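The values are calculated or read from the model by the stated rules, or taken from the named source; none is laboratory data. Every value quoted in this text rests on a predicted model; they were computed, and no experiment measured them. All Cβ positions, glycine included, derive from the backbone under ideal geometry; neighbour counts span all protein chains shown. For the accessible areas, the whole protein counts, side chains as well, though only heavy atoms, and no ligand, DNA or RNA atoms are used. Shrake-Rupley method; radii C 1.70, N 1.55, O 1.52, S 1.80 Å.
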Amino acid sequence: MATVIAVANQKGGVGKTTTTANLGAALAIRGQRVLLVDLDPQGNLTSSFGLEKNLERTVADSLLDRRVPLPIIIAPNGTAPLPETRHHLAVVPASVSLASAEAQLMNKLGRELRLRDQLASIEGDYDFILIDTPPALGVLTINALVAATRVVIPTEARFFSLQGLQMLEESIEEILYLNPKLEVLGILLSKLDRRLKEERQVSEYLRQRWGARVFVTEVGTNSKILEAGSTGSSVFHYSGAEKAVDAYLALADEVIARA
Ligand SMILES: Nc1ncnc2c1ncn2[C@@H]1O[C@H](COP(=O)(O)OP(=O)(O)O)[C@@H](O)[C@H]1O
Ligand SMILES: [Mg+2]
């Protein structure tokens with residue numbers, strides 16, 4: 001049975017999609033069978049694998065109609081980490097159609113349970129299923145938190161991000177009504193700039209406040225991560241990104257150990 005992980009934080013730009021793509025690739029390199037689910041109408045995860053064109057079906061179709069199985073696309077050559085692990089990494093794509101699907105879901109029964117029910121039939125095929133979520137605590141993020149047993153929370157190390165973490169913690173408490181198994185797997189400092197005093201202070205505070213729930217691994221701000229993301233390749237395919245590669249592999253090892 002797969003460990004299903006929602007990658008969530010209602011704030012945008014904190015590294016949810018980058019973490020999902022690169023952690024997914026790192027887990028695949030470690031020999032895990034990985035499925036990545038794009039649950040953001042912006043479809044950034046889908047584009048980061050170059051899959052945004054000519055999509056026949058997307059996750060939206062399967063959320064609206066339970067008879068439509070999730071579309072699963074093997075990560076194409078060149079985006080997946082290594083040719084021999086290619087088949088270990090697959091993606092369920094999203095497009096902007098997910099925005100209208102979200103609106104339609106509001107009038108439907110079992111709207112919070114739909115992703116969970118779709119994943120139930122394929123969970124046996126994977127070791128890890130990672131769900132990338134939109135920057136909001138709406139019905140799509142709730143679907144991810146209901147389908148998952150674990151949450152990874154990427155965050156910036158800024159004072160204003162602390163309030164967001166508090167809100168997310170409260171939302172997770174609420175989700176327990178529907179999904180009592182949900183636990184925070186870890187908080188990830190996903191774009192830490194140790195040169196800034198504020199970031200050093202906040203990261204220290206986070207480790208005091210959340211203790212061992214903060215991943216030991218920190219991902220530093222790294223222009224190679226940004227560049228790799230915008231050219232549609234993971235850091236594992238980008239030259240000069242060795243530091244980022246090491247960070248995501250270390251994160252993958254922590255995730256495997258905790259899961
Ligand atoms: N460690 C990092 N160093 C530098 N840039 C990063 C890092 N992590 C993410 N980014 C960049 O920050 C931006 C926001 O990241 P993204 O993963 O899209 O956030 P989210 O999905 O939470 O909105 C992207 O341009 C991404 O390439
Ligand atoms: Mg995103």
**OP:** Report the calculated FRET efficiency for L55 and S239 (r = Cβ-Cβ distance, R0 = 25 Å), to the nearest 0.05.
**Re:** 0.25
**OP:** Mind giving me the nanometre distance, one decimal, between the label points for Q201 and L176, set 7 Å out from Cα along Cα→Cβ?
**Re:** 3.2 nm
**OP:** Take A257, project a point 7 Å from its Cα along the Cβ direction, then tell me which residues of segment 193-232 have their backbone nitrogen under 13 Å from it.
**Re:** 212-218
Subject >> segment 1-55 - Kirkwood radius from inverse mean 1/r over Cα pairs (Å) >> reply: 12.2 Å
Subject >> Pairwise label distance in nanometres, S230 with D246, each label 7 Å out on the Cα-Cβ vector >> reply: 2.6 nm
Original post:
Length gain on complete extension for the stretch K108 to V216, per 0.36 nm per residue less the alpha carbon to alpha carbon distance?
Top reply: 34.8 nm
Original post:
Considering only the other residues whose Cβ falls under 15 Å of the Cβ of L176, what net charge follows from Lys and Arg at +1 and Asp and Glu at -1?
Top reply: -3
**OP:** Normalising by the residue count of the chain, find the relative contact order in percent from Cα pairs under 8 Å and 6+ residues apart.
**Re:** 27 percent
Original post:
For the chain, what is the percent of antiparallel DSSP beta bridges, rounded to the nearest 5?
Top reply: 5 percent
**OP:** Would you calculate the separation in nanometres between label points at Q163 and I72, each defined as 7 Å from the Cα along the Cα-to-beta-carbon direction?
**Re:** 4.2 nm
Original post:
Using the C-alpha atoms of segment 44-193, what convex hull volume per residue, in cubic angstrom, is computed?
Top reply: 137 Å³
Subject >> Surface accessible to a 1.4 Å probe, per residue, for the residues of the chain, Å² >> reply: 45 Å²
Original post:
Which whole-number value in Å³ per residue fits the convex hull of the alpha carbons of segment 160-201?
Top reply: 72 Å³
Subject >> All-pairs Cα distance distribution in the chain, expressed in whole percent, bin size 5 Å >> reply: 1, 6, 14, 19, 21, 18, 12, 7, 2, 0, 0
Subject >> Accessible surface of segment 123-240 [probe 1.4 Å, protein heavy atoms]: carbon and sulfur percent >> reply: 52 percent
**OP:** Send over the Kirkwood Rh of segment 118-259, from the inverse of the averaged 1/r over different Cα pairs, rounded to one decimal Å.
**Re:** 16.6 Å
